[in-house]
1. What tally of residues in the range 2-36 results from selecting those that are of a type in the set (A, V, I, L, M, F, W, C), more than 16 Å from L50 (Cβ to Cβ) and outside any strand (DSSP E or B)?
2. Going by what's in this entry, would T47 be described as on the phi < 0 side of the Ramachandran plot, surrounded by 11 or more Cβ atoms within 10 Å (Cβ to Cβ) and either more than 12 Å from the chain's Cα centre (by Cα) or at pLDDT 90 or above (or both)?
Amino acid sequence: MGYRTRVQRIQRKVSEQWYVNFPAALARAMEFNKGEVVEWVVRDNNTLTLRRSEAAAQRARRRAKTSIGGGGDR
């Protein structure tokens with residue numbers, strides 16, 4: 001499933017910044033943490049890959065394993 005989003009540009013007198021936001025559902029599915037540092041990798045003019053550090057990816061995988069089937073009584 002894909003998620004569409006817009007690229008935003010904020011232009012100031014001496015600088016500019018570009019923003020790409022992604023939906024909260026995607027952030028939750030990826031188990032991102034506030035302040036987590038990620039790296040953008042340019043594959044070609046049509047493909048931009050977001051890569052998290054290996055340590056953050058390992059933490060997310062551990063959280064996913066413990067949350068699957070570990071819910072207790074419901």
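The values are calculated or read from the model by the stated rules, or taken from the named source; none is laboratory data. The shown structure was predicted, so the numbers you read here are calculated from the model rather than taken from an experiment. FYI the Cβ positions are ideal-geometry reconstructions off the backbone, even for glycines, and counts take in every protein chain you see.
1. Of the residues in that region, 1 qualify.
2. No: the conditions fail for T47.
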